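Q: I am attaching a structure below and will ask some questions about it afterwards.
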Amino acid sequence: MQMNFHRKLPTPLEVKQEFPLTERMTQVKAERDEEIRAVFDGTSDKFILIIGPCSADHREPVLAYIEKLRHLEEQVGDKMILIPRIYTNKPRTTGQGYKGMLHQPDPEAKPDMYKGIVAIRELHMAALRDYDFTCADEMLYPENYRYLSDLLSYTAVGARSVENQQHRLTASGVEVPVGMKNPTGGDLGVMMNSIVAAQGSHTFLYRGWEVTSEGNPYAHAILRGYVDYAGRNISNYHYEDLLWVRELYAKSNLANPSVIVDTNHSNSGKKYLEQIRIAKDVVHSRNQNEDIKHLVKGLMIESYLEDGAQGVGEQVFGKSITDPCLGWEKTEQLVLELAEKL
């Protein structure tokens, strides 16, 4: 095996010391964390929207989007908690293509992991410092979580990672809610097993240390649809799907049974406009059934400043360079309509 070692990267502790949070930022995060946990443990009936670009590709449009979210939350904050998606790693099925800001802080330049670490920390810090938003990111690389652990209020384990032991055990030591997506093949048993692992306590190897975790009682399910043996997208957000997941939870004795529905990916067949219909359908299901209402804590929506997607190197400000997203006008209208229906 050939592997070229270029340079040793700074540890998470070193990066946190170089780019520290203020006392106010730490307090805002603590308050946000408590408010979000209250939804998952059932003491709050607010509805969570994990919302934002498929990938955080450029600092300026991401922050412009987050500024709009801040104004929107002022209108719906009595019913909703908005958690911006600042997804700085992009999983690639074949390993090809743009892998996210962590790899390439400039999508048109060569990968630079040190600049990427600095860029993603500074972006999450700006969202917290300037807009009082602690955000969500995906745990694509478990060993990198601690670069952002003092900034995040939500973490997701993706469909390709959810069967991986290191992701599951790392999730068990995370202090904020972690969503475990159903795998790309759709096996909900795999997803439920991942939640069992994440809620349990473990001793394992992490960043060269023997560590112990206490278990994360806020680990929960994310339904994102799946791909069948023939390559067809199959959705799993419907009324009957939600009741089935409730039954799986009832058999498991897991803490804080919760579901977040991902309105894009295989649920929409990556037809981004379908997210509008799917989001309304899930809220309608909640309104028809108290068990579903208690189970479904929120939605995950891919949204940016402009509709659709573009290629790397194109110059439309705030248009996704990965999966297509809802533009701002449609996003704002959807969120306001959902707030009325809750």
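The values are calculated or read from the model by the stated rules, or taken from the named source; none is laboratory data. These numbers come from a predicted model, not from an experiment. Ideal geometry is used to build each Cβ from the backbone, glycine not excepted, and the neighbour counts take in all protein chains shown. Surface accessibility is based on the protein's heavy atoms, side chains included, excluding ligands, DNA and RNA. Shrake-Rupley method; radii C 1.70, N 1.55, O 1.52, S 1.80 Å.
Q: Considering (1) within 20 Å of Tyr131 (Cβ to Cβ); (2) open to solvent by 60 Å² or more (accessible area, probe 1.4 Å); (3) part of a loop (DSSP other than H, G, I, E, B), say which one Met101 fails and leave the rest.
A: (2)
Q: Pairs needed: first member in the stretch 306-322, in contact (Cβ under 8 Å) with a residue 12 or more places away in the chain and more than 17 Å from Gly97 (Cβ to Cβ); second member anywhere, outside any strand (DSSP E or B) and among the acidic types (Asp, Glu); C-beta distance under 8 Å; at least 6 residues apart or different chains.
A: So the pair list comes out as Phe317/Glu60; Phe317/Glu306; Gly318/Glu306.
Q: Can you tell me how many residues in the stretch 178-190 are touching a Lys or Arg at 6+ places or on another chain (Cβ under 7 Å) and either outside any loop (DSSP other than H, G, I, E, B) or not hydroxyl-bearing (Ser, Thr, Tyr) (or both)?
A: Count: 2.
Q: Which of the residues belonging to the stretch 148-177 are surrounded by fewer than 21 Cβ atoms within 10 Å (Cβ to Cβ) and either at positive phi or assigned to a helix (DSSP H, G or I) (or both)?
A: Residues satisfying the conditions are Gln165, Gln166.
Q: Whether any residue in the stretch 15-23 is surrounded by 13 or more Cβ atoms within 10 Å (Cβ to Cβ) and within 23 Å of Ala339 (Cβ to Cβ) is what I want to check.
A: no
Q: Any idea which of His71, His58, His124 is within 22 Å of Asp307 (Cβ to Cβ), out of contact with any His (no Cβ under 7 Å at 6 or more places or on another chain) and surrounded by 15 or more Cβ atoms within 10 Å (Cβ to Cβ)?
A: Exactly one of His71, His58, His124 is within 22 Å of Asp307 (Cβ to Cβ), out of contact with any His (no Cβ under 7 Å at 6 or more places or on another chain) and surrounded by 15 or more Cβ atoms within 10 Å (Cβ to Cβ), namely His58.
Q: Taking the residues in the stretch 266-305 that are among the charged types (D, E, K, R) and surrounded by 19 or more Cβ atoms within 10 Å (Cβ to Cβ) as candidates, determine which candidate is nearest to Tyr249 (Cα to Cα).
A: Applying the filter and picking the extreme gives Lys297.
Q: Output the qualifying pairs, or none if there are none: Cβ atoms under 6 angstrom, residues six or more apart or on different chains, first residue in the stretch 209-221 and more than 16 Å from Tyr154 (Cα to Cα), second residue open to solvent by less than 10 Å² (accessible area, probe 1.4 Å).
A: Pairs that qualify, where the first residue is more than 16 Å from Tyr154 (Cα to Cα) and the partner is open to solvent by less than 10 Å² (accessible area, probe 1.4 Å), are Ser213/Ser172.
Q: Give me a count of the residues in the stretch 178-236 that are more than 16 Å from Gly269 (Cβ to Cβ), open to solvent by 60 Å² or more (accessible area, probe 1.4 Å) and of a type outside the set (D, E, K, R).
A: 9
Q: Follow-up question, since we're still on this one. Output the residues belonging to the stretch 213-240 that are of a type outside the set (A, V, I, L, M), outside any strand (DSSP E or B) and either in contact with a strand residue (DSSP E or B) (Cβ under 7 Å, 6 or more places away or on another chain) or under 21 Å from Ser172 (Cα atoms) (or both).
A: Within the stretch 213-240, Glu214, Gly215, Asn216, Pro217, Tyr218, Arg224, Gly225, Asp228, Asn236, Tyr237 qualify.
Q: Could you check the stretch 249-265 and list, in sequence order, the residues that are under 16 Å from the mean Cα position of the chain (by Cα) and among the hydroxyl-bearing types (Ser, Thr, Tyr)?
A: Of everything in the stretch 249-265, those that are under 16 Å from the mean Cα position of the chain (by Cα) and among the hydroxyl-bearing types (Ser, Thr, Tyr) turn out to be Ser258, Thr263.
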